[in-house]
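This report refers to the structure that appears directly beneath it.
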Amino acid sequence: MSKIIVHNQQRGKISKYIYGQFSEHLGRCIYEGLWVGEKSNIPNVKGIRSDVVQALREINVPVLRWPGGCFADEYHWRDGIGSKDNRKKIVNTNWGGVVENNHFGTHEFFELCRQLGAEAYINGNVGSGTVQEMSEWVEYMTFDGISPMADLRTKNGHPDPWRVKFFGVGNESWGCGGNMRPEYYADLYRRYQTFVRNYDGNNPIYKIASGPNIDDYNWMDVLMKNAAPYMDGISLHHYALASEWEDKRPALGFPEKEWFSLINSAKKMEELISKHSSIMNKYDPDKRVGLIVDEWGTWLATEPGTNPGFLYQQNTIRDAMVAAITLHIFQNHTDRVQMANIAQMVNVLQAMILTDGEAMIKTPTYYVFKMFKDHQDAISVDADKELSEMTSASVSEKNGEYLVSLCNYSLNAADDLQISFNESIISVTGEILKGEVMDQHNDFDQPDAVSPQVLENIQSLEHNISVVIPSMSVVTLHVKTTK
Ligand code: AHR
């Protein structure tokens, strides 16, 4: 039995950017998943597949991170501009050693953002790139006027500059981005970010330092101590695992204990955000610097028969639980968490979309993002919550309507929930995403096995709602009151 008492007090805006996505040159995320090329039989606009764009537009992707990930620190942006026939073919050393033909580059990325209606989050190369290279990329993308890089952009068919809202200075600099010590990276960060110029004074670039892996609190401390004034945000990466890092567990056909180990690993996000935030508070008490969780999600065993370097995994109702719980955690920390980017958007790790040739399916995770989309830029609302051990919840308000989102990750116990509001209730509608078995998922034969349904039997009287939240389900309620 759970109880939520919703108060009128508002706690702060839930940045829409916590619903951000990540797309890396990894496996079939960019190539096949998003980019099929202009000559493909798969319907596309300027080489970008239309079915995937259409599906993603329905979840309001606010921001897209690109080109990596580990790939970012080996990416040389000049390889991906100009005539496609002349673009360099390189080896994607991080991800399967496959040939990268660079057909998807800067122009194609901004075209994708345009089609999605998403802001651009570019991740620059510190690990194997020069300051000059990074600086010139920023000039190429954003300078409006006569300059060598703006002229080159014009020559390549795009006279107008693009808007780069977010820029990451390196990725996982403690690991694939260069195996650096925090003291060394803090100095490099200060140096590289100096040349990430703000050519557009009206839209200054939000600069993000490469932050800690999971619970590396020393990395956070050293970075904040030495470089906080030079950054707008600092990243945090945490993946949910069902076992040890070296022992990736299957996405389907897993035992009960892995239902819980994966969910508990995801729930660690609460502790990580709290502890990293308290370190940030020491150096940034005004909370100017954002904690940017730009890689999160489930990391499971790759699907049998697929290239292990491609990180292609199935996505079940258990992933939907992880998505809902993690988004609720972010929404509890609106003061620090200014953006998050689930890894990754298509065909990689905890994806929204899976593709197979011209076929495309939406995953249970996709549906959580869809059901939660009205939380984007809504006001987080103060609520007293007495929740069952396996229920998680969040309440926001936008345009005079409340969105209550809930997740019950019990395997067999439904939760009787009572919600009360200060005002009288005018109307309430609900949706439910439910699994009948732990690994229920969508596949190319049964694309709609898990999809949201109308939630029946919502009782509402005066100020109160009572509703049953079934086991293994995510529920959303849209509530209009006399407020
Ligand atoms: O998302 C997959 C990889 O995980 C990214 O490339 C890297 O940053 C992280 O280790």
Seminar exercise, completed: Listing Thr481, Thr306, Thr194, Thr365 by rising number of other beta-carbon atoms within 10 angstrom, fewest first, gives Thr194, Thr306, Thr481, Thr365
Seminar exercise, completed: the range 213-256: spread of alpha-carbon positions along the three principal axes, whole Å, largest first, is 48, 18, 15
Exercise. In what sequence do Cys113, Cys176, Cys407, Cys29 fall when counting other Cβ within 10 Å, fewest first?
Worked result: Cys176, Cys113, Cys407, Cys29
For this session: Please identify every one of the trypsin sites (Lys or Arg not before Pro) in the range 222-312 that sits in a loop by DSSP and has no more than 16 other beta carbons within 10 Å of its own beta carbon.
Result: Lys287, Arg288
For this session: State to the nearest 20 debye the size of the charge dipole of the chain about its Cα centre, where the only charges are +1 on K and R beta carbons and -1 on D and E beta carbons.
Result: 1060 debye
Seminar exercise, completed: Checking every Cys Cβ in the chain against the others at 4.7 Å leaves as unpaired Cys29, Cys113, Cys407
For this session: Taking a cut-off of 18 Å between Cα atoms, list the lysines near Lys3, but don't count ones fewer than 8 places away on the same chain.
Result: Lys385
Seminar exercise, completed: At the level of C-alpha centres, the distance separating the range 125-182 and the range 34-81, in angstrom, is 18 Å
Exercise. Exposure proxy check: Thr93, Thr482, Thr302 ranked by fewest other beta carbons within 10 Å?
Worked result: Thr482, Thr93, Thr302
For this session: Give me the number: length gained by fully extending Arg78 to Gln459, i.e. 0.36 nm times residue separation minus the C-alpha to C-alpha distance, one decimal in nm.
Result: 131.2 nm
Problem set entry | Nearest-0.05 FRET efficiency for Ser471 and Asp443, computed from C-beta distance (R0 25 Å) | 0.65
For this session: Could you give the size of the charge dipole of the range 381-481 about its Cα centre, using +1 on the Cβ of each K and R and -1 on the Cβ of each D and E, expressed in debye and rounded to the nearest 20?
Result: 200 debye
Exercise. For the range 381-481, what ratio Rg/Rh do Cα atoms give with a Kirkwood hydrodynamic radius?
Worked result: 1.00
Exercise. When we measure straight from the Cα of Lys248, which aspartates and glutamates land under 20 angstrom away, once same-chain ones fewer than 8 places off are left out?
Worked result: Asp215, Glu256, Glu258, Glu295, Glu303, Asp319, Asp439
Exercise. Pulled fully out, how much extra length does the chain show between Glu401 and Lys225, if you take 0.36 nm times their separation in residues and subtract their Cα-Cα distance?
Worked result: 59.2 nm
Exercise. Tell me, what does the Kirkwood hydrodynamic radius of the chain come to in angstroms if you use every pair of distinct C-alpha atoms?
Worked result: 23.0 Å
For this session: Report the FRET efficiency, 1/(1 + (r/R0)^6), for Asp151 and Asn86, where r is their Cβ-Cβ distance and R0 is 22 Å, rounded to 0.05.
Result: 0.75
Problem set entry | Dimensions in Å of the range 173-290 - Rg and Dmax from alpha carbons | 17.2, 55
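Laboratory data are not the source of any read-out in this text; all were calculated from the coordinates shown. Computed from a prediction, not measured in an experiment: that's the story for all the values here. Note that each Cβ is placed from the backbone with ideal geometry, even for glycine, and that neighbours are counted across all protein chains shown.
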